[in-house]
1. What aspartates and glutamates does B:K40 reach when the alpha-carbon gap must be under 19 Å and sequence neighbours fewer than 8 apart in one chain are set aside?
2. So if a site counts as exposed when it's one of the GluC sites (Glu not before Pro), its DSSP state isn't H, G, I, E or B, and it has at most 10 other Cβ atoms within 10 Å, what's the longest stretch of chain A without one?
3. Going toward the positive end of the dipole of the protein assembly as shown, with +1 on Lys and Arg Cβ and -1 on Asp and Glu Cβ, which of B:V220, A:A273, A:C354 do you reach last?
4. Which Rg and Dmax, in Å, describe the Cα atoms of region B:55-256?
5. Report the calculated FRET efficiency for B:E155 and A:E444 (r = Cβ-Cβ distance, R0 = 56 Å), to the nearest 0.05.
6. Would you be so kind as to identify which of B:Q47, B:W13, B:G25 lies farthest towards the positive end of the dipole of region B:8-51, taking Lys and Arg as +1 and Asp and Glu as -1 on Cβ and the Cα centre as origin?
7. Viscosity 1.567 mPa s, temperature 4 °C: what is the translational diffusion coefficient of region A:374-470 from Stokes-Einstein with a Kirkwood Rh over Cα pairs, rounded to a whole number of µm²/s?
8. Give me D for region B:8-51 in µm² s⁻¹, whole number, from Stokes-Einstein with Rh from the Kirkwood sum over alpha-carbon pairs, 10 °C and 1.306 mPa s.
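Every number in this text was worked out from the coordinates using simple rules, so none of it is lab data. A quick note: this is a predicted structure, and the numbers were derived from the prediction, not measured. Every residue, glycine as well, gets a Cβ built from its backbone with ideal geometry; the counts of neighbours run over all protein chains shown.
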Amino acid sequence: MSHPYRYQLGTRTWSFRNLGDVLAKATPARSGDRLAGVAASSAEERVVAQMCLADIPLKRFLNEALVPYESDEVTRLILDGHDAQAFAPVSHLTVGGFRNWLLSDHATPAVLKALRPGLTPEMVAAVSKLMRNQDLILVARKCEVVTGFRNTIGLPGRLSTRLQPNHPTDDVAGIAASILDGLLYGNGDAVIGINPATDNVSQTIKLLRMMDEVIRKYEIPTQSCVLTHVTNTLEAIEQGAPVDLVFQSIGGTEATNRSFGFDLATLSEAREAALSLNRRTVGNNVMYFETGQGSALSANAHHGIDQQTCEARAYAVARTFAPLLVNTVVGFIGPEYLFDGKEIIRAGLEDHFCGKLLGLPMGCDICYTNHAEADQNDMDNLLTLLGVAGCTFIMGIPGSDDIMLNYQTTSFHDALYARRVLGLRPAPEFEQWLTRMRIFDDAERFEPNTALPDAFGLALRGIPGRTGHD
Amino acid sequence: MTEKRPIVHQNPWRKLRQFTDARIGLGRAGISLPTQELLKFQLAHAQAIDAVHCPLDVGQLQADLAAAGVVARPEDVLSLASAAPDRATYLQRPDLGRALSPSSGERLSVHAPAVGEGPDLAIVIVDGLSSRAVQSNAAPMVARLITDLDAEHGEWRLAPLTVVEQGRVAIGDDIGARLRARAVLVLIGERPGLSSPDSLGAYLTWKPCIGRKDADRNCVSNIRPAGLDYANASQRLLYLIRESFRRKLSGVALKDRTEEVVIDSTIESKNFLTRD
């Protein structure tokens, strides 16, 4: 049993150490897998690994754990939670056969929805490695995932946005300025979510109060979130803070999550606490998770598994807690994991596909850092592709420039571009609010009002400075 | 042409820029970025890219350090390289950026004390992710720090000053260990932001040796004229160095209390949007 996975190509026999080795070598090229030393050593070996993978039965993933069951609670979550009945329609298929089936007209939105509990992240990651970008788009588009808190996220033909009003010192006036800018560009229906510069409980509470006051005063059908550690949010809830969504960065192995300072029990506790506040009006989804390829390797907790498969395993963690939003922060981690625009675009499409197929409200932080080989054009490409794929939400930030986290993500303008070229509307409750507040002049064309809407004119009165351009 | 509407719509809330450096109130052409704002962004991104990719001019830096009085002659600053042969490799292989190249290792070993106690502090200048940050800020920062160190103690035994190309923070552990320094201070170009392509970071590590973790270090960040200026950065570093030598440790156990702000949860959350 030294090399149980073999593939004969002409006169040469290729062998792979184990299932994880086949998956890693079948993965489209990326720097993180090279850094981890798990990538294919040649272009030919990569395709041979894909051919080998295509012949592996889906059932094998139920019998051969990539990360040991005994030592990893994420593996236990995946295998113990597997629904054999839901799996039945595809249980006879190989990974290659599964690709064909997903692309076929047998896989309707309803059939794909029923299949979710029968799929493991490893099956989904495996099939994604055989798929071209257009396959990832086409199948993801068939997956409908609808969630709700104070509005309804993920309906077909809709695209939501997280308003991300970060400020390097958490200055409330600075944050409020970015919030107003975003709202007036029609942004913020997924969540108004701040990454705090100072990460502690009292700061979290201050920012939560600030956003709660804005949401209540202007009766905005949206939710807020401070992206602090789950234990900080729990403490904020105990202190009576107005918490809508609980945030946490999650990974696909127990050791990754421990390095983030939590386990599955922590997430359960936080979810119960948030539900107990009864702040929701539309749906029961109270969690906001962020993920990203490379986090397990970065935490030295990847067990020799490729970064895309580790990422898909994080979605098993996410779906256990019925999140409102899951965001893959695709280009944030840096070029040692995803080197250039091509790798970032591929990873964004993979993550969106895997998340959607597993039933998650998958959004994407379409982003890059200044040391990656990427630019605004790459982000335009990924935004357009994800818009076509039916991505649930994207980020919105003033002029693409996050002045706190020092990276570039999609802007308020970018969201309007995607709306206009693809006809994607905001969440229905939020869309009605935009019209009622006269923020959108022409909701059909996503045209912001050229004049300042009355409700906000009052807020700006008394602030020195001309109202026009400087 | 009957259309009277302007082609570019300005945003009447642009005056809110007094509250933030965020790119708010940009206006729009249709629903897109106006040309002027597009080009401003492109320029900022271009500067950040150049900061990452333009190689450090080591000769110029050595000359600047000599001119600033940090060393007697430019060649007194040892020029070293990491095991990453070029920028593309450096960006993808952080492990190689943490180790000295074999030839640099040999060159440095000449300067390691054979017997007796090593130096107190090794100052290591590393290009990191922004050569621009190092090129413009390293010499004045080191000059200021050495002046301040001399003024307060006078007894600091400093290792030879080193400059490393294609290096990461942890290369200071390798260098510090080889020089048998009690502590190492790495000055390194930080990942450039769109509005801060020239930001220098300083990392202090007590008892440097290969395998030190981030949690073992103390960091002073955003050192640049428009951020934390040299005098203030030097005061912070002096505090950390003093405390590190007194307590014989660095990292999370050694908190920088010079910047501690007491945050009161009753702090006003009200702002112009929610004021009655």
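1. Output for B:K40: A:D181, A:D375, A:D378, A:D380, A:D401, A:D402, A:D414, A:D470, B:D21, B:D50, B:D198.
2. Values: sites that count: A:E70, A:E219.
With a cap of 10 other Cβ atoms within 10 Å, the longest stretch comes to A:220-470.
3. Checking the options against the dipole of the protein assembly as shown, the answer is A:C354.
4. 15.3, 48
5. On the way: r = 76 Å, r/R0 = 1.35.
E between B:E155 and A:E444, to the nearest 0.05, is 0.15.
6. B:W13
7. Details: Rh = 15.3 Å.
So the translational diffusion coefficient is about 84 µm²/s.
8. Details: Rh = 11.5 Å.
Diffusion coefficient, whole number: 138 µm²/s.
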